[in-house]
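Undergrad: One structure is given below, represented as structure tokens, and several questions about it will come after.
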Amino acid sequence: MPFRNAFTALVLALLLSRPSSAMTEAERRQYLEKLQQILPDVPSFREWLQTSGELPPDFDALPRVNGLPDPLHFLDGRPVRTPEEWRARRAEIQQLYEKYDLGTFPPTPKLDRAVVLDETPGKGYLVRNLRLEFGPESKGTMRVQVMIPEGKGPFPALISPNLAGWSPSLLRRGYISAGYAGNDFMDDAAALAQLYPKYDFALLPRRAWAAGLVLDYLETLPQVDRKHIGMFGYSRDGKMAAIAAALDERIAAVIAGSTGVGGVLPWRSAGERGFGESIESTTRSFPTWFVHRLRFFAGREDRLPVDGNLLVAMVAPRAMLMEYGLNDEVSNSWGDEQSYYSALKVYKLLGHPDRLSILRVPGFHGANDQEACLDWLDIQFGRSTRVWTNQFLFPWDFDRWRANSKETVDLSRYPRRAASTVPASPSAWEEKAAAIRKSVEWMLGDEPPMMPPGAGRGAFGGRGGRGAPPAARGNPGQTTPDLVQWVIQRGGNSFGWLEPQKSKTASRPLSFGFGVRGDLYYPAGMPEGTKLPTVIWLHGYSYPLGYMWVYHNDLHPILALVRAGYAVLAFDQSGFGSRMSESGPFYDRYPHWSQMGRMVEDARAAVDALQKDSLVDPQRIYLFGYSMGGMVGLYTAALDSRVKGVVSICGFTPMRTDTAAKGTGGVARYAYERGLIPRLGFFVGHEPQIPYDFDDLLSTIAPRPALVVQPQLDRDATPADVRAAVEQARKVYALYGDGNRLALEEPWDYNRLPEKTQDQVVKWMESNFQ
């Protein structure tokens, strides 16, 4: 896509610039002490720290890249223009991966012997079980099972980290199945750590390295087509398969199934802010998968020199299929697509863009279409003349939108703006606030008309004229049970839907707005006629699960709020969870609107519905938003006075100072990376001319109570700028006689919502949401 290259050229030098300051050893030691205080204890990590004496890296000396690291630029910012330069960049990426993620590898050993244990003929195939012997004094062993179809070869082969692999499908389609003991249930690679004590390759990289031994054996078989050997793995085995393909260029194609983070899905695109698996949760739950050093980067993903898109790029120009489920809680459709777009640049440079593909199937983690994967493999191996089509959910491109919408902005009409001056009285401020709201409404775009409930009856009421028909709703392609019920039924620590509060919480569906369906949660057993203060929960960048989360051991915010006595309305925001299908065609349908505008419309429609609900106190409706939801909450509260208070956690950083030089990704994130507010894209490079900022939004909320939670290590924000915005807005609150109704909390933490922070927020709400 043309814009992606242009945007990279615009900001890369700034994003990759190395700061002149550096962390001292004392600062790194202090950082580690604080990190250990906020993160759950991992005994193996603690022991490694004690034995190694290692400190966190000098984060200030590492380039800050909040978006994906560019595969076509070296770590020092030099561009890659030729295939020869790519080989050098690829070697650099591998070195960085070995240091920060995988560990170091021993030299490839000679395969000493392949001991056939038994052979069993089947109907049209042969099963051979064998033991590979290798390494120092041939002490290394690896169990392998090969299934060879009858007939004249050579046959393509597919390696799997379990013995049986996909053998039933493979044999029917003329492939050799080659499985080896490289998984959780049969892991001969576990002994490699003792066999090669001078090398620190972690568990999944060890299994990936062991695939090379299977390749060595397959190359000795006359039945094998050595140019067409592929590899498959799913989930943690998918991570391993992607690593194996990156390491061993004899693997001609790899099917990386739902790898999640640590595989093809970038850490930067998931994590706590994406309500998914993160560096912290992975290195805590599975501390042997990657090197211990990776845990230092919990919350500091923007300083990690490698990420999943670079792993994909390392496979180029060989073929890769990235497979995942639509609502795959381990994966992330948006993040996987971003990884694809980034690595595609390398595939194009090497002349084979058609070798990188995606396959999205309906369902959660575990959704897998073997036959479709083999269809793709047939295409890549020249066994089929079909053309593979990638079905993207998020094909956003700013340049295409600008061309199609014909939108332009005359920047001369928008002078550079400093901090807003505060009028002398509330009435004078209200006049200024009205102008701010008009600027906000312009930025959010042209909201299309929406028929209110009951409209359109006129003279034709009754059965033949029931008013506005229900709004059309995109088909999420999800299987039964639905997304929310699937999470609730699974419950458990990973989803935060915990007892005893789970059993103390009731819910019922609530529809509102233009085809939005939500769930209203409330304390079970409420007496008839009870009117509850009600919170609208606005989630963050949770693509697979919408308003739910995963890999979070803390109590879900919905249950925490119900426990505190609130009713809570939750719904998937446009483009997320059950509504992901709304994202792709959005700007073809509404070229002059914005997705953020749609989210604000939904939130305001939720207020409409709640004011009429028998369970809700219409004078006590509040917003509680995290990450993107925190931003939605501020926009909604600024435009709708019926919102009586708002909590915004990791919700913003001031736009006029959010330039590429800050390392956050700048305001370009909302117009170029994601199509949240396209008109902001015209101000990239001209940020001081943006007609309003978040201090203005906070000020327009005055005098209603508002809490801003801004962690000091939030990679999406500049905390000092957030603090300045709050201080500026407090001047407006002071006009109403209570500057304390706007509060700011700045925990030493990163962009996440741990239970400690959540409890503090709820406590603040109890004192301020009256």
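Undergrad: Would you check which residues across the range 594-615 are under 27 Å from the mean Cα position of the chain (by Cα) and either open to solvent by 10 Å² or more (accessible area, probe 1.4 Å) or without any contact (Cβ under 8 Å) to a residue 24 or more places away in the chain (or both) and list them?
TA: Scanning the range 594-615 gives Gln595, Arg598, Glu601, Arg604.
Undergrad: Sticking with this one: Any residue that is more than 19 Å from the chain's Cα centre (by Cα), touching a residue at least 60 places away in the same chain (Cβ under 8 Å) and open to solvent by 10 Å² or more (accessible area, probe 1.4 Å) - is there at least one of those in the range 314-329?
TA: Checked the range 314-329: at least one residue is more than 19 Å from the chain's Cα centre (by Cα), touching a residue at least 60 places away in the same chain (Cβ under 8 Å) and open to solvent by 10 Å² or more (accessible area, probe 1.4 Å).
Undergrad: Do the conditions hold for Val409, that is, is it in contact (Cβ under 8 Å) with a residue 40 or more places away in the chain, open to solvent by less than 40 Å² (accessible area, probe 1.4 Å) and either farther than 30 Å from Thr259 by Cα or more than 27 Å from the chain's Cα centre (by Cα) (or both)?
TA: yes
Undergrad: Pick from the range 435-467 the residues that are small (Gly, Ala, Ser) and within 23 Å of Asp602 (Cβ to Cβ): which of them is modelled with the lowest pLDDT?
TA: Taking the candidates together, the pick is Gly467.
Undergrad: Scan the range 517-538 and give yes if some residue there is open to solvent by less than 10 Å² (accessible area, probe 1.4 Å) and either part of a loop (DSSP other than H, G, I, E, B) or modelled with pLDDT under 95 (or both), otherwise no.
TA: No, the range 517-538 contains no residue that is open to solvent by less than 10 Å² (accessible area, probe 1.4 Å) and either part of a loop (DSSP other than H, G, I, E, B) or modelled with pLDDT under 95 (or both).
Undergrad: To continue, here is another question. Which of the numbered conditions does Tyr736 fail, given that it passes all the others? Conditions: (1) open to solvent by 20 Å² or more (accessible area, probe 1.4 Å); (2) within 23 Å of Val667 (Cβ to Cβ).
TA: Among (1) open to solvent by 20 Å² or more (accessible area, probe 1.4 Å); (2) within 23 Å of Val667 (Cβ to Cβ), Tyr736 violates only (2).
Undergrad: Any idea how many residues of the range 552-593 are on the phi > 0 side of the Ramachandran plot and either surrounded by fewer than 21 Cβ atoms within 10 Å (Cβ to Cβ) or in contact with a Ser or Thr (Cβ under 6 Å, 6 or more places away or on another chain) (or both)?
TA: 2
Undergrad: Residues of the range 105-116 being open to solvent by less than 50 Å² (accessible area, probe 1.4 Å) and part of a loop (DSSP other than H, G, I, E, B), which ones?
TA: Hits for the range 105-116 are Phe105, Pro106, Pro109.
Undergrad: Which one of these does Gln145 not meet: (1) free of Cβ contacts under 8 Å to residues at least 60 places away in the same chain; (2) part of a loop (DSSP other than H, G, I, E, B)?
TA: Going through the list (1) free of Cβ contacts under 8 Å to residues at least 60 places away in the same chain; (2) part of a loop (DSSP other than H, G, I, E, B), Gln145 breaks only (2).
Undergrad: Would you call Ser627 surrounded by 24 or more Cβ atoms within 10 Å (Cβ to Cβ) and at pLDDT 95 or above?
TA: Here the answer is yes, as Ser627 does meet what is asked.
Undergrad: Could you tell me which residue of the range 225-243 is nearest to Leu204 (Cα to Cα), considering only residues that are in contact with a strand residue (DSSP E or B) (Cβ under 6 Å, 6 or more places away or on another chain) and open to solvent by less than 10 Å² (accessible area, probe 1.4 Å)?
TA: Across the range 225-243, the extreme among qualifying residues is Met240.
Undergrad: Another question about this same structure. Search the range 496-512 for residues that are within 28 Å of Pro452 (Cα to Cα) and pair each with any residue that is assigned to a loop (DSSP other than H, G, I, E, B) when their beta-carbon atoms are under 9 Å apart and the residues are at least 6 apart or on different chains.
TA: Close Cβ pairs (under 9 Å, with a partner that is assigned to a loop (DSSP other than H, G, I, E, B)) amount to Arg508/Leu615; Leu510/Asp613; Ser511/Pro470; Phe512/Pro453.
Undergrad: Any residue in the range 178-192 that is free of Cβ contacts under 8 Å to residues at least 40 places away in the same chain sitting within a Cβ distance under 6 Å of a residue that is crowded, with 16+ Cβ neighbours inside 10 Å and among the hydroxyl-bearing types (Ser, Thr, Tyr)? List the pairs, counting only those 6 or more apart or interchain.
TA: As it stands, the answer is Gly179/Ser160, since those pairs meet every condition given.
Undergrad: Taking only pairs six or more apart or across chains, which ones have beta-carbon atoms under 6 Å, a first residue in the range 363-377 that is among the polar types (S, T, N, Q), and a second residue that is in a loop (DSSP other than H, G, I, E, B)?
TA: Gln370/Trp166
Undergrad: Considering only residues that are part of a helix (DSSP H, G or I), within 29 Å of the chain's Cα centre (by Cα) and touching a residue at least 24 places away in the same chain (Cβ under 8 Å), look in the range 201-210 and name the one that is surrounded by the fewest Cβ atoms within 10 Å (Cβ to Cβ).
TA: Per the criteria, the residue is Leu203.
Undergrad: Continuing with the same structure: State yes or no: is Lys198 of a type in the set (D, E, K, R), crowded, with 18+ Cβ neighbours inside 10 Å and within 21 Å of Gln95 (Cβ to Cβ)?
TA: No, not satisfied.
Undergrad: Can I ask one more? Condition first: outside any loop (DSSP other than H, G, I, E, B) and either surrounded by fewer than 24 Cβ atoms within 10 Å (Cβ to Cβ) or touching a helix residue (DSSP H, G or I) at 6+ places or on another chain (Cβ under 8 Å) (or both). Now tell me which residues in the range 265-281 satisfy that.
TA: The answer is Leu265, Trp267, Arg268, Ser269, Glu272, Gly274, Ile279, Glu280, Ser281.
The values are calculated or read from the model by the stated rules, or taken from the named source; none is laboratory data. From a predicted model like this one, the values you see are computed outputs, not experimental measurements. Here the Cβ is made from the backbone with ideal geometry for all residues, glycine too, and neighbour counts use every protein chain on show. Calculation scope for accessible area: heavy atoms of the full protein, side chains included, ligands and nucleic acids excluded. Shrake-Rupley method; radii C 1.70, N 1.55, O 1.52, S 1.80 Å.
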